[in-house]
1. Output the residues belonging to the range 108-160 that are among the charged types (D, E, K, R) and open to solvent by less than 80 Å² (accessible area, probe 1.4 Å).
2. Taking the range 142-158, which residues are out of contact with any Leu (no Cβ under 6 Å at 6 or more places or on another chain), of a type outside the set (D, E, K, R) and part of a strand (DSSP E or B)?
3. So how many residues does the range 56-96 have that are open to solvent by 30 Å² or more (accessible area, probe 1.4 Å), more than 8 Å from the chain's Cα centre (by Cα) and not hydroxyl-bearing (S, T, Y)?
4. Can you tell me how many residues in the range 111-130 are out of contact with any Lys or Arg (no Cβ under 9 Å at 6 or more places or on another chain) and part of a loop (DSSP other than H, G, I, E, B)?
5. For the range 161-182, give me each residue that is of a type in the set (A, V, I, L, M) and either closer than 18 Å to F116 by Cα or surrounded by 20 or more Cβ atoms within 10 Å (Cβ to Cβ) (or both).
6. Go through A51, A12 for me and flag whichever is closer than 30 Å to W101 by Cβ, modelled with pLDDT under 95 and of a type in the set (A, V, I, L, M, F, W, C).
7. Working only within the range 75-95, note down all residues that are free of Cβ contacts under 8 Å to residues at least 40 places away in the same chain and among the aliphatic types (A, V, I, L, M).
8. Would you pick out the residues in the range 96-115 that are touching a helix residue (DSSP H, G or I) at 6+ places or on another chain (Cβ under 8 Å) and either among the aliphatic types (A, V, I, L, M) or without any contact (Cβ under 8 Å) to a residue 40 or more places away in the chain (or both)?
Amino acid sequence: MTSLGLWVARRADGLGKTDIAVGYARAQAPTMYGLAFVFVVETVGVSFMLAPYPVVHLIMLLLDLYTVFLVLGLHAAAVTRPHVVGPGGLRVRRSAGLDLWIPLERIASVRYDLRFPNTNKPEDGVLEVAIASQTSITVELAQPVISVSLLGREAEVHTVRCHADEPRAAAEAIKKLLPINS
C-alpha cells in the first residue's frame, strides 16, 4: 500500500541523483488493469446480490475493495521500484519481492537478449526476473553474487536475466558505466 502512495506522488523508491531508473512494469500493465477492472465489476455485482443482507454485504464490500487496492498496489510496487543503474552498480528489482545489488566491477557483460524462460526447468546459477513471462536483458557476472529470496533462501548467481521496458537503452546505460566497456 506504500507503493500506491509513491505512485500517486509520482515518486520512485531508491533512486539517487545520478541514478538511472529502468522501468519494467509496462509489460504487465494491461494484465493488472484488466484484473482490477474484473474485480471492480465483481464488487458491483456482489453488492447487488447481497444488498438484502447488510452485514454480509459490508464484509464482502470491504474484502472486494481490498482486493482492488491490492492489485493496484502490486502494479504500483513494480512502477515505483524500477531497476536502478548508477555509478555504484546495478540494482535488479521485482516489485517489493526482489532487490539484488550487483557492483559494476562484478559485471562481465550485458546485452539485449529477448527470452521467454521455462520456469519448469530453472538453470543453476541463473536468476530469471521475468515480467509478463519474458526477459530482455542478460547480465553475465565475472564473480557471482548472492541473491536472497523473499523467504530468505540464498542462491549464488552468475547470470541475471531481467526485463526492461527499453532493454537496448538500459543495456547501453549499464555498458557505459562498466570499468571496461563490454
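The values are calculated or read from the model by the stated rules, or taken from the named source; none is laboratory data. None of these values were measured; they are calculated from a predicted model. Because the Cβ atoms are built from the backbone with ideal geometry, glycine has one as well, and the counts that use them run over all protein chains shown. In case anyone asks, the SASA skips ligands and DNA or RNA and just uses the protein heavy atoms, side chains included. Shrake-Rupley method; radii C 1.70, N 1.55, O 1.52, S 1.80 Å.
1. Within the range 108-160, D113, E128, E140 qualify.
2. Let us first name the residues in the range 142-158 that are out of contact with any Leu (no Cβ under 6 Å at 6 or more places or on another chain), namely 142-146, 148-156.
Now drop any that are not of a type outside the set (D, E, K, R), which leaves 142-146, 148-152, 155.
Answer for the range 142-158, where residues must be out of contact with any Leu (no Cβ under 6 Å at 6 or more places or on another chain), of a type outside the set (D, E, K, R) and part of a strand (DSSP E or B): A142, Q143, P144, V145, I146, V148, A155.
3. Number satisfying all stated conditions: 16.
4. Matching residues across the range 111-130 total 9.
5. Let us first name the residues in the range 161-182 that are of a type in the set (A, V, I, L, M), namely 164, 169-171, 173-174, 177-178, 180.
If the condition is that a residue be of a type in the set (A, V, I, L, M) and either closer than 18 Å to F116 by Cα or surrounded by 20 or more Cβ atoms within 10 Å (Cβ to Cβ) (or both), then A164, A170, A171, I174 are the ones that fit.
6. Numbers: A51 fails: closer than 30 Å to W101 by Cβ.
A12 is the lone residue from the list that is closer than 30 Å to W101 by Cβ, modelled with pLDDT under 95 and of a type in the set (A, V, I, L, M, F, W, C).
7. None; the set is empty.
8. A96, L104, I107, V110, L114
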